[in-house]
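Participant: Quick one: the structure is below, questions incoming.
The values are calculated or read from the model by the stated rules, or taken from the named source; none is laboratory data. In this text the structure is predicted, and so the values were computed from the model without any measurement. No Cβ is skipped: glycine too gets one built from the backbone with ideal geometry, and neighbour counts run over all protein chains shown.
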Amino acid sequence: MIIANNVSKQFGKLKALNNVSVACNKGECIALLGPNGSGKTTLIKSILGMVVPDSGFITFNGKNILHDWLYRRHIGYMPQIGRYPDNMTIEQVFNMMKDIRSFNEDTAPDNSLAEQFGLTGMLHKRMRTLSGGTRQKVSASIAFMFNPEVFILDEPTAGLDPVAAEMLKERIIFEKSKGKLVLITSHVLSDLDDLITHVIYMQEGALLFHKKIGELQADTGEQKLSKAIAAVMLKK
Ligand code: ADP
Ligand code: MG
């Protein structure tokens, strides 16, 4: 579904992505892991078309994304930090996204996550008055509003209260069961245990490994993701 072919990106002398090749398929829920600065966000932004690789290319459903920006409508993206116009209300932000995203689409927007999060009772509130967690809820609601084929979630549970984090995890599991592709980064590895099918581990811009979770567990003898990752790092 998404294939990166020998993707490299350099910022000055720094190789943010070094010859990364990876294939992500329908129904997979992939944890994108690695230390700070290892290139995770640069890879995500390359997939979204916000960063253009120096060499190599990315395809979405078989088409090079360089020549076909419309593929972005198939992606629900939750940024690590969502930035919104301060003076807009939650409702105005939702409506703006609906105006942009519903272009040519026949499906009605799905407000269920916003409802679960209790946002529908505070639609009149302005973005600048919201707590960090409530902003995250707005970002999550938008990512899940347009029935995309792919979800790209950058630290989705950071800042969410435990009840909201659990709702979001349930929703991710539900989308995965419908055959969607989910790509998640998180520093809270325990949040990922019930979700993921694969792990991609990056280091210094390169792909260190890409494994099924079962393989990683077998290789390390550890069931929990946090322990399995620690075991891999110690062996190196
Ligand atoms: P991660 O998300 O894994 O923490 P990033 O992909 O954000 O890592 O960054 C990888 C490296 O590229 C870092 O050293 C970062 O400072 C650098 N980098 C990222 N974006 C830019 C940019 N626009 N200009 C210069 N350097 C950048
Ligand atoms: Mg990052």
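Participant: Specify which of the listed residues (T59, T41) is surrounded by 13 or more Cβ atoms within 10 Å (Cβ to Cβ), at pLDDT below 95 and β-branched (V, I, T).
Facilitator: Matching residue, one of T59, T41: T41.
Participant: Take E115 and decide whether it is more than 30 Å from L208 (Cα to Cα), out of contact with any Leu (no Cβ under 8 Å at 6 or more places or on another chain) and more than 16 Å from ligand 1 (Cβ to nearest atom).
Facilitator: yes
Participant: Let me ask another. Taking N87 and the conditions (1) under 21 Å from the mean Cα position of the chain (by Cα); (2) at pLDDT 95 or above; (3) part of a loop (DSSP other than H, G, I, E, B); (4) not small (G, A, S), which numbered condition does it fall short on, given that it satisfies the others?
Facilitator: In the conditions (1) under 21 Å from the mean Cα position of the chain (by Cα); (2) at pLDDT 95 or above; (3) part of a loop (DSSP other than H, G, I, E, B); (4) not small (G, A, S), N87 misses (1) alone.
A quick yes/no check of all residues on (1) polar (S, T, N, Q); (2) within 12 Å of ligand 1 (Cβ to nearest atom); (3) touching a helix residue (DSSP H, G or I) at 6+ places or on another chain (Cβ under 6 Å):
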{"residue": "I3", "(1), (2), (3)": "no, no, no"}
{"residue": "N18", "(1), (2), (3)": "yes, yes, no"}
{"residue": "V22", "(1), (2), (3)": "no, no, no"}
{"residue": "G27", "(1), (2), (3)": "no, no, no"}
{"residue": "S46", "(1), (2), (3)": "yes, yes, no"}
{"residue": "M50", "(1), (2), (3)": "no, yes, no"}
{"residue": "F60", "(1), (2), (3)": "no, no, yes"}
{"residue": "N64", "(1), (2), (3)": "yes, no, no"}
{"residue": "M97", "(1), (2), (3)": "no, no, yes"}
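Participant: Moving on to the next point. Tell me, please, whether a residue that is exposed (fewer than 15 other Cβ atoms within 10 Å of the Cβ), out of contact with any Cys (no Cβ under 7 Å at 6 or more places or on another chain) and free of Cβ contacts under 8 Å to residues at least 12 places away in the same chain can be found in segment 175-187.
Facilitator: Yes, the conditions are met somewhere in segment 175-187.
Participant: May I ask you to say which residue of M88, M78 is within 21 Å of T41 (Cα to Cα), touching a residue at least 24 places away in the same chain (Cβ under 8 Å) and either hydrophobic (A, V, I, L, M, F, W, C) or touching a strand residue (DSSP E or B) at 6+ places or on another chain (Cβ under 6 Å) (or both)?
Facilitator: Within the list M88, M78, the selection yields M78.
Participant: Also, I was wondering about something else. Could you grab the pairs with beta carbons closer than 6 Å, sequence gap of 6+ or different chains, first residue in segment 151-168 and in contact (Cβ under 8 Å) with a residue 40 or more places away in the chain, second one surrounded by 19 or more Cβ atoms within 10 Å (Cβ to Cβ) and small (G, A, S)?
Facilitator: Close Cβ pairs satisfying both conditions: F151/G76; E155/S186; L168/A140.
Participant: Could you please let me know if I65 is among the hydrophobic types (A, V, I, L, M, F, W, C), over 24 Å from S186 (Cβ atoms), away from ligand 2 (no atom under 16 Å from the Cβ) and crowded, with 19+ Cβ neighbours inside 10 Å?
Facilitator: yes
Participant: Only one of H198, H187 is within 16 Å of ligand 1 (Cβ to nearest atom) and of a type outside the set (A, V, I, L, M). Can you tell me which?
Facilitator: Within the list H198, H187, the selection yields H187.
Participant: When segment 16-43 is examined, which residues are found to be within 16 Å of ligand 2 (Cβ to nearest atom) and touching a Leu at 6+ places or on another chain (Cβ under 7 Å)?
Facilitator: Scanning segment 16-43 gives L17, V20, I30, A31, L32, G39, K40, T42, L43.
Participant: If you go through segment 172-187 one residue at a time, how many are within 15 Å of G34 (Cα to Cα) and touching a helix residue (DSSP H, G or I) at 6+ places or on another chain (Cβ under 9 Å)?
Facilitator: Looking only at that region, the number is 3.
Participant: Oh, and also: State yes or no: is I173 within 16 Å of ligand 2 (Cβ to nearest atom) and of a type outside the set (D, E)?
Facilitator: In short, no.
Participant: Another question, then. Quick one: is A23 crowded, with 19+ Cβ neighbours inside 10 Å and modelled with pLDDT of 95 or more?
Facilitator: In short, no.
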